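The values are calculated or read from the model by the stated rules, or taken from the named source; none is laboratory data. In this text the structure is predicted, and so the values were computed from the model without any measurement. Here the Cβ is made from the backbone with ideal geometry for all residues, glycine too, and neighbour counts use every protein chain on show.
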Amino acid sequence: MSDQQNPEQPAEQPHEPKPAEAVGYCRPPVHSRWKKGQSGNPSGRKKGSPNLKTLLDKELSEKIMVHDSDGSRFISKGTAMMKAMVNKAIKGDVRAFDKLTAMQLRLQAESDEGDPDKLSAEDDAIIAEYLARNQQKGGPA
């Protein structure tokens, strides 16, 4: 009889907390949850503040004075860096030479891929076949 409950006494139900009171994994206490409209990082990056790419572009485009055989002139810091790297490579610095050749190959590959006017051999063959058919029919060339 110990396994059966007395039908006259209601079964004891455990207290179930309201959904707002539930605390556990991914459910922090109500008092410590984000309030509506509250930022998760109030002291974070402000709107309109420049990101790393913007800062780098700004620094590399800044002009500096350079003295060379032609006299003094202003060039950008990015141009000055490239000139310095090329000069090092010419003087025999292997690392500078490797970086320059790798950069040149990468830029050349990008420019070959991105040229919309350049047609492949297959495209040239298709166009030639089309023109040959239209010329035989007397159509527009």
For residues in the range 66-78 being hydroxyl-bearing (S, T, Y) and touching a strand residue (DSSP E or B) at 6+ places or on another chain (Cβ under 9 Å), which is modelled with the lowest pLDDT?
S72
Kindly indicate which of A102, A89, A84 is among the aliphatic types (A, V, I, L, M) and exposed (fewer than 11 other Cβ atoms within 10 Å of the Cβ).
A102
Suppose the filter is of a type outside the set (G, A, S), at pLDDT 95 or above and within 30 Å of A102 (Cα to Cα); does K63 pass it?
yes
Residue ranges of helices (runs of 4 or more DSSP H) in the range 32-141 with at least 2 members among the β-branched types (V, I, T):
77-91, 94-113, 121-137
Would a scan of the range 110-129 turn up a residue that is surrounded by 10 or more Cβ atoms within 10 Å (Cβ to Cβ), under 26 Å from the mean Cα position of the chain (by Cα) and at pLDDT below 90?
yes
Please name all residue pairs, on different chains or six or more residues apart, with Cβ atoms under 8 Å, provided the first residue is in the range 47-65 and is closer than 15 Å to M81 by Cβ and the second residue is β-branched (V, I, T).
K63/I75; I64/I75
